[in-house]
Amino acid sequence: MTLSIFLCDDKPNFLSYYQKLIDDLIHVNGYQMKVAVSSEKADTIIDYLKKNQIKEGLCFLDVDLNTTYDGIDLAQTISKLSPDIKIAFLTSYSDYALEAIQSNVEPIDYIIKGNSKEREQINKILDKVSSQVIISDDALPSNFNYITLSNGTLEYKISISKIMYVETATKPHMISIIGEDFKYDFYTSLDDIQKRIPQLIQVHQSILINPANVTQIDYKNRKIFFSNKSSCFFAVRKASLLKKYF
């Protein structure tokens, strides 16, 4: 599942800066996230949430919005619409940060703009939220056992329980599915595979794993081993997510 991120700051330069920073951290660490809305207007965020009925997500909100809403008002509205969305405040002044903490929103964190540890702080927020988004197999339909994929004129019905991991192939626009005793290549994307098999988890920008078939994890060398003796690497920032499972 790709988690939606929402960014609101009434200063265009800050808005652009934080979007680029967040996009870069997502790319570097392979977080299954995307910036869904980046806007100077609070109403744009609210309208999107109402229209798309977003249940989970992460918002970075400037506290001092020069609009009909300030950041705290916006956060309170978002929390009423989607209680499970996490809020992080952006502010230029520490006193605004105190006000944010004392609000009823219970933000996951606040960030003083321009501080020397800003990038590290935002990355910790992304990592924390990413590690909390875990899909339970118990929530899946009982008949959710196979995935059907086509390769040219051939159609493959693959048992999900036999999939070890999925990775991007060397050939552009293709993925490889590594199974118990097979390896198939298909023209599709990791994002499409994860939408169709939500119990797979992303451990690297180019790798999804089936946690049911993991037998060992080497955290020092960032390597995952599977029941068929195959293995793959994981991104360092995914260690905390893996520890939720194992």
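Every residue in region 148-198 that is within 14 Å of N213 (Cβ to Cβ) and surrounded by 16 or more Cβ atoms within 10 Å (Cβ to Cβ), please.
I158, I160, K162, I163, M164, Y165, V166, I177, I178, G179, I197
Residue by residue, here is whether (1) out of contact with any Ser or Thr (no Cβ under 8 Å at 6 or more places or on another chain); (2) surrounded by 20 or more Cβ atoms within 10 Å (Cβ to Cβ); (3) of a type in the set (A, V, I, L, M); (4) under 18 Å from L241 (Cα atoms) holds:
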site: D9; (1), (2), (3), (4): yes, yes, no, no
site: F14; (1), (2), (3), (4): yes, no, no, no
site: A36; (1), (2), (3), (4): no, no, yes, no
site: K41; (1), (2), (3), (4): no, no, no, no
site: I45; (1), (2), (3), (4): no, yes, yes, no
site: K50; (1), (2), (3), (4): yes, no, no, no
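What is the one condition in (1) farther than 29 Å from K128 by Cα; (2) touching a Pro at 6+ places or on another chain (Cβ under 9 Å) that D181 does not satisfy?
Single failed check for D181: (2).
For Y69, indicate whether it is in contact (Cβ under 8 Å) with a residue 60 or more places away in the chain, in the same structural domain as D127 (by TED's automatic domain parsing) and of a type in the set (S, T, Y).
When the stated conditions are applied, Y69 does not pass them.
Among the residues in region 210-224, are any touching a residue at least 60 places away in the same chain (Cβ under 8 Å) and either polar (S, T, N, Q) or surrounded by 14 or more Cβ atoms within 10 Å (Cβ to Cβ) (or both)?
yes
Say we look at region 106-122 and pick out the residues that are under 19 Å from the mean Cα position of the chain (by Cα) and part of a loop (DSSP other than H, G, I, E, B); which of these is surrounded by the most Cβ atoms within 10 Å (Cβ to Cβ)?
Once the filter is applied, the top-ranked residue is P107.
Out of L15, L25, report the one residue that is modelled with pLDDT of 90 or more and within 18 Å of the chain's Cα centre (by Cα).
L25
Looking only at region 80-95, decide whether some residue is closer than 22 Å to K128 by Cβ, modelled with pLDDT of 90 or more and among the β-branched types (V, I, T).
yes
The values are calculated or read from the model by the stated rules, or taken from the named source; none is laboratory data. Treat the numbers as computed from the prediction; the structure is a model and nothing was measured. Positions of Cβ are backbone-derived with ideal geometry, glycine not excepted, and every protein chain shown enters the neighbour counts.
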